[in-house]
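Each remark here refers to the structure printed beneath this line.
The values are calculated or read from the model by the stated rules, or taken from the named source; none is laboratory data. If you're wondering where the values come from, they're calculated on a predicted model, not measured in any experiment. So basically every Cβ, Gly included, is an ideal-geometry build from the backbone, and we count neighbours across all protein chains shown. Just the protein is used for accessible areas: all its heavy atoms, side chains included, with ligands, DNA and RNA removed. Shrake-Rupley method; radii C 1.70, N 1.55, O 1.52, S 1.80 Å.
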Amino acid sequence: LGKQFIENPPVDLATLYQDMSSSTPLVFILSTGSDPMGAFQRFAKERGYSERVESISLGQGQGPIAEKMIKDALKSGNWVFLQNCHLAVSWMLAMEELIKSFTEPNMSIHESFRLYLSSMPSNTFPVTVLQNSVKVTNEPPKGLRANIRRAFTEMTASFFEENILGKMWRKIIFGICFFHAIIQERKKFGPLGWNICYEFNDSDRECALLNLNLYCQEGRVPWDALTYITGEITYGGRVTDAWDQRCLRTILRRFFSPETLQEGYKYSESALWQHHIGGNVTVRG
């Protein structure tokens with residue numbers, strides 16, 4: 001039938017926004033390893049709303065805080081993002097009643113107000129909210145190619161192209177994105193991939209790229225510092241098994257080290273993934 005039926009298209013918030021309104025929220029239906037927050041923040045920045053976004057991760061005791069946040073935003077026109085609604089089971093009924101009140105005739109709502117929700121599939125999530133909202137599934141990409149493609153889709157052209165390091169910068173970015181895809185895909189192989197299954201997600205990759213940008217402002221790459229931060233903190237902070245940690249560091253060295261900047265560097269012995277002469281990266285095979 002074609003790739004369009006087996007590969008998940010990237011989430012286009014600009015298109016979804018057209019279907020929203022001040023009384024119609026957007027619900028991200030999550031799956032393991034997915035995190036829409038990064039894409040949401042970029043979209044808010046594009047719309048000029050980055051300073052008017054309020055977000056909260058729901059859990060025990062966060063319901064009343066979220067409710068006040070929504071009521072204030074109804075008047076001010078801010079955007080509100082309620083993350084992980086499935087963790088606030090006891091507050092779901094109150095949230096349902098609050099969202100249902102948006103459509104009441106005497107309800108006054110600022111026309112710029114928007115409500116965003118994210119939740120894992122849950123029996124406790126209000127059905128009426130699902131029925132009267134824009135819904136989108138946010139699944140992690142399947143396969144190395146799809147994973148790397150999503151990384152570059154969510155990256156701005158200026159971030160990738162405009163850096164003092166030039167071609168070196170683009171190679172390093174590709175290496176981090178490839179590394180992220182590799183450790184995600186290893187989860188498919190159960191204990192052969194990782195002794196313990198870890199919840200790596202897109203925010204880990206984005207954090208690694210932000211750290212890279214921060215440390216390379218002066219036109220040099222402090223490899224020792226970045227390797228430690230990426231391998232021991234950004235990604236390694238999730239890893240609890242000693243052998244998994246050793247495996248993670250070994251994989252990282254293959255994709256994130258000074259050797260990767262050499263012309264014609266091969267990420268694998270099969271040479272299916274390697275650099276083009278001239279600084280670009282390509283997939284062969």
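Determine the sum of side-chain charges near ARG254: Lys and Arg each +1, Asp and Glu each -1, restricted to other residues whose C-beta is under 15 angstrom from that of ARG254. Display every interim value, and only then the final one.
Numbers: positive: LYS171, ARG186, ARG246, ARG249, ARG253, LYS266; negative: GLU185, GLU259, GLU269.
After counting each charged neighbour, the total is +3.
With a 1.4 Å probe and every protein chain kept in, tell me what percent of the accessible surface of the chain is carbon plus sulfur.
Details: 7930 of 15020 Å².
The C+S portion of the solvent-accessible surface of the chain is 53 percent.
Over its Cα atoms, what ratio of radius of gyration to 2.2 N^0.38 Å does the chain give?
Values: Rg = 21.2 Å, N = 285, 2.2 N^0.38 = 18.8 Å.
Against the empirical 2.2 N^0.38 Å value, I get 1.13 for the chain.
Any idea what the relative contact order of the chain is, in percent, if you count C-alpha pairs under 8 Å spaced at least 6 apart?
Working: 377 pairs, mean separation 54.7, N = 285.
For the chain, the relative contact order is 19 percent.
Which pairs in the list LYS68/LYS187; LYS68/LYS188; LYS71/LYS187; LYS142/LYS266; LYS68/LYS142; LYS100/LYS142 are over 31 Å apart, alpha-carbon to alpha-carbon?
LYS68/LYS187; LYS68/LYS188; LYS71/LYS187; LYS68/LYS142; LYS100/LYS142
What FRET efficiency comes out for the pair GLU46/LYS167, r = Cβ-Cβ distance, R0 = 30 Å, nearest 0.05? Don't jump to the answer; show the numbers that get you there.
Values: r = 28 Å, r/R0 = 0.92.
Efficiency computed from Cβ-Cβ geometry: 0.60.
Run the simple label-point estimate for ASN132 and LEU87 please: 7 Å along Cα→C-beta, distance reported in nm.
Going by the 7 Å Cα→Cβ label model, 2.7 nm.
Amide H neighbours of LYS135 under 5 Å, counting only residues 5+ apart in sequence or on other chains, H built in-plane at 1.01 Å?
The list, which skips near neighbours in sequence, is VAL27.
Rounded to the nearest 500, what is the chain's calculated 222 nm mean residue ellipticity when only DSSP H runs of at least 4 contribute -39500 (n - 2.57) each, over all residues? All intermediate terms of the calculation are to be shown ahead of the outcome.
On the way: 11 runs with 113 residues, N = 285.
It lands at -11500 deg cm²/dmol.
Pull out the extension gain between TYR228 and GLU54, defined as 0.36 nm times the separation in residues minus the alpha carbon to alpha carbon distance; nm, one decimal.
Values: separation 174, 0.36 × 174 = 62.64 nm, distance 3.24 nm.
Computed gain between TYR228 and GLU54 is 59.4 nm.
Could you pull out every residue, at least 5 positions away or on a different chain, whose amide H is within less than 5 Å of the one on LYS142? Hs are placed 1.01 Å off N in the peptide plane, and Pro or chain starts have none.
Placed amide hydrogens put ASN8 under 5 Å from LYS142.
Give the separation of the Cα centroids, region 37-62 to region 163-182, in Å.
27
With a 1.4 Å probe and every protein chain left in place, tell me how much accessible area ASP72 has, in Å² to the nearest 10.
Answer for ASP72: close to 70 Å² accessible.
Using a 1.4 angstrom probe with every protein chain in place, what is the largest-first accessible-area order of HIS110, HIS180? Please list the in-between numbers first.
On the way: HIS110 65, HIS180 0 Å².
Descending order: HIS110, HIS180.
Could you calculate, for region 3-123, the ratio of the Cα radius of gyration to the Kirkwood radius, expressed as Rg to Rh? Write down the numbers at each step before the final one.
Working: Rg = 14.7 Å, Rh = 15.2 Å.
With Rg and the Kirkwood Rh in hand, the quotient comes to 0.97.
For region 66-112, just the Cα atoms, rotate onto the principal axes and tell me the three extents in Å, largest first.
Extents along the principal axes: 29, 20, 13 Å.
Under the 0.36 nm per residue contour assumption, what length would be gained going from the current alpha-carbon distance of SER203 and THR240 to full extension?
Extra length available between SER203 and THR240 comes to 11.4 nm.
Roll a 1.4 Å probe over the protein heavy atoms and report the accessible area of MET107 in Å², nearest 10.
Roughly 60 Å² of MET107 is accessible to a 1.4 Å probe.
Note the full-extension length gain between MET20 and THR32 as 0.36 nm times their separation in residues minus their Cα-Cα distance, in nm to one decimal.
Working: separation 12, 0.36 × 12 = 4.32 nm, distance 2.55 nm.
Taking MET20 through THR32 to full extension adds about 1.8 nm, to one decimal.
Which value, in Å², gives the accessible area per residue of the chain when a 1.4 Å probe is used on the protein heavy atoms?
Details: 15020 Å² over 285 residues.
The answer is 53 Å² per residue.
What nm value, rounded to one decimal, do you get for the distance between MET155 and LEU192 when each label is placed 7 Å out toward the C-beta?
3.0
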